[in-house]
Amino acid sequence: MKITDAKVFVGGPGKNYVTLKVTTDQGVYGLGDATLNNRETLPAKYLTDYLIPNLIGLDPRRSEDIWQLFYRGAYFRRGPIAMAAIGAIDMALWDIKAKLANMPLYQLLGGKSRDSALVYAHATGADLEDLMDSVAAYIEQGYKAVRVQCGIPDMPTASYATPDAKGGTEPFITDFSGIRPKTEIWDSEKYMRFMPGALAAIRDRFGPELKILHDVHHRLLPREAAAFAKEVEQVGLFWLEDPTPAEDQDALALVRQHSTTPIAIGEVFNSIWDCNKLIEKELIDFIRVAVTYAGGITHVRRIVDLAGQHHVRTGFHGAPSHSPISMAAQAHLNLWAPNFGIQEYLVLGTPACDTLFPSDHYVANGMQHVSEAPGLGVDFDEAEAERYEYKPGSHPIVRLEDGTLWNY
Ligand code: GCO
Ligand code: MG
């Protein structure tokens, strides 16, 4: 059996999805997602110029050896661009393998450990009142877990993932007016004065059952992160995400020493080497990697297994940056992983996305249900894809009030 062709498509409804389609001499094909938010053309180019020419002619069933070829075989390893490209190929090969076996992918991973998987939605508001309304709307739809992000009083701009003005529901993440970023202003002191009380008010209003998550989005220093995690302990968060940048893995020890608030980190990681200390020293509770830019199913499964030995559960990244293909790959991992925790969920279910990527995966009552179709259980409508083209976009950048550049 041989791979005969592989094509890359960039574009999508309101997003630049990077979709890989690998075809074989036996008619069966596989799909992969190489979307790297706001840098989409780069994994696409890495695929077309470097990986695909070496992929043609190989036996698609040898997914492990092909992973090693593109990881070890490249002198310069790792990094989000290469790992997203390798990840897309890996997903496509697992898709082919499971289709050949005539089984949904989760069966090849070890079968079901649960019938459906807990997901969390994103509630947001320009102020606490709006945020409460947003939380209430998700609870009404049956969600059991909600991430809460709130505009901060007296902050000159919106904060991470909050709308610009009261009444707004669309958080600002990507600006498609070009590649020059919009600027958000940040002040950690204002945030730390306001946010713990807001989280406590949400707990008071919605009661003990709601799983409340909050994303600091890398904005605090390690000492501040420790103080914040300690202060919000009484709220009983399901998790506190990215309280401080994790490039310095050891810095997380400070947060751990001062608080029992569960910590979730890893959405920007590309490899096991970005999180091995965090996991082995048991400094986090949830690992947030994504199959998209952490090298696909083959590599993420290794991270999940390492995490499982250290009481760390999964909480895969699922922002709208990912296409339904990697969300499907994660859905299968979620059904299998003995140490599954929760899945971030936003992308599946938008009508335009469903048309481009038809599938039977669905979320109901805050639980993700996995398609029984062979493979990843998601397809790609190439004719529909013709309607879309790449649009340059950018994340905002963040500056302190005096102009100092900060972490987005
Ligand atoms: C999350 C993330 C995202 C990122 C986005 C960047 O927890 O979902 O922090 O919202 O900001 O994926 O591209
Ligand atoms: Mg996050």
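Tell me, which helices (runs of 4 or more DSSP H) lie completely within segment 9-127 with 3 or more residues that are in contact (Cβ under 8 Å) with a residue 24 or more places away in the chain? Quick ask: steps written out before the conclusion?
Numbers: elements: 41-46, 52-55, 63-71, 80-100, 105-109.
By residue number, 41-46, 63-71, 80-100, 105-109.
Being more than 14 Å from ligand 2 (Cβ to nearest atom), out of contact with any Pro (no Cβ under 6 Å at 6 or more places or on another chain) and modelled with pLDDT of 95 or more is the requirement here; does His214 meet it? Taking the combined requirement at face value, the residue does not satisfy it.
Please count how many residues of segment 325-360 are out of contact with any Asp or Glu (no Cβ under 8 Å at 6 or more places or on another chain) and modelled with pLDDT under 95. Residues flagged as out of contact with any Asp or Glu (no Cβ under 8 Å at 6 or more places or on another chain) and modelled with pLDDT under 95 within segment 325-360 amount to 9. Taking segment 128-180 as the range and being small (Gly, Ala, Ser) and open to solvent by 20 Å² or more (accessible area, probe 1.4 Å) as the test, the residues that pass are Ser134, Ala136, Ala137, Ala165, Gly167, Gly168, Ser177.
Residue by residue, here is whether (1) under 17 Å from His361 (Cβ atoms); (2) open to solvent by 10 Å² or more (accessible area, probe 1.4 Å); (3) away from ligand 1 (no atom under 16 Å from the Cβ); (4) free of Cβ contacts under 8 Å to residues at least 60 places away in the same chain holds:
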site	(1), (2), (3), (4)
Ile303	no, no, yes, yes
His322	yes, no, no, no
Ser326	yes, no, no, no
Phe340	yes, yes, yes, no
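Counting just the residues of segment 211-244 that are open to solvent by 20 Å² or more (accessible area, probe 1.4 Å) and closer than 19 Å to Glu344 by Cβ, which one comes out nearest to ligand 1 (Cβ to nearest atom)?
Kept after step one, since they are open to solvent by 20 Å² or more (accessible area, probe 1.4 Å), are these residues of segment 211-244: 211, 218, 221-224, 227, 230-231, 233-234, 236, 238.
Those left that are additionally closer than 19 Å to Glu344 by Cβ: 211, 218, 238.
Numbers: Lys211: 15, His218: 9, Phe238: 13 Å.
Restricting to residues being open to solvent by 20 Å² or more (accessible area, probe 1.4 Å) and closer than 19 Å to Glu344 by Cβ, the top hit is His218.
Name the residues in segment 36-63 that are within 16 Å of ligand 2 (Cβ to nearest atom) and modelled with pLDDT of 95 or more, would you? Passing the criteria: only Leu36.
Taking the stated definitions as given, is Ile152 in a loop (DSSP other than H, G, I, E, B) and more than 16 Å from ligand 1 (Cβ to nearest atom)?
Working: in a loop (DSSP other than H, G, I, E, B): yes; more than 16 Å from ligand 1 (Cβ to nearest atom): yes.
Yes: the conditions hold for Ile152.
Select, from Ala373, Ala290, the only residue that is within 16 Å of ligand 2 (Cβ to nearest atom) and outside any helix (DSSP H, G or I). Working first, answer last.
Numbers: Ala373 fails: within 16 Å of ligand 2 (Cβ to nearest atom).
Being within 16 Å of ligand 2 (Cβ to nearest atom) and outside any helix (DSSP H, G or I) holds for just one of Ala373, Ala290, which is Ala290.
So which residues in segment 331-350 are in contact with a strand residue (DSSP E or B) (Cβ under 9 Å, 6 or more places away or on another chain), more than 22 Å from His217 (Cα to Cα) and not in a strand (DSSP E or B), if there are any at all? Matches in segment 331-350: Ala331, His332, Leu333, Asn334, Leu335, Ala337, Asn339, Leu348, Gly349. All of (1) on the phi < 0 side of the Ramachandran plot; (2) open to solvent by 50 Å² or more (accessible area, probe 1.4 Å); (3) more than 16 Å from ligand 2 (Cβ to nearest atom) hold for Leu346 with one exception: (3).
The values are calculated or read from the model by the stated rules, or taken from the named source; none is laboratory data. Quantities reported herein were computed from a predicted structural model and do not represent experimental measurements. Please note: Cβ atoms are built from the backbone with ideal geometry, for glycine as well, and neighbour counts cover all protein chains shown. Note: accessible area is taken over every heavy atom of the protein model, side chains too, but ligands, DNA and RNA are not part of it. Shrake-Rupley method; radii C 1.70, N 1.55, O 1.52, S 1.80 Å.
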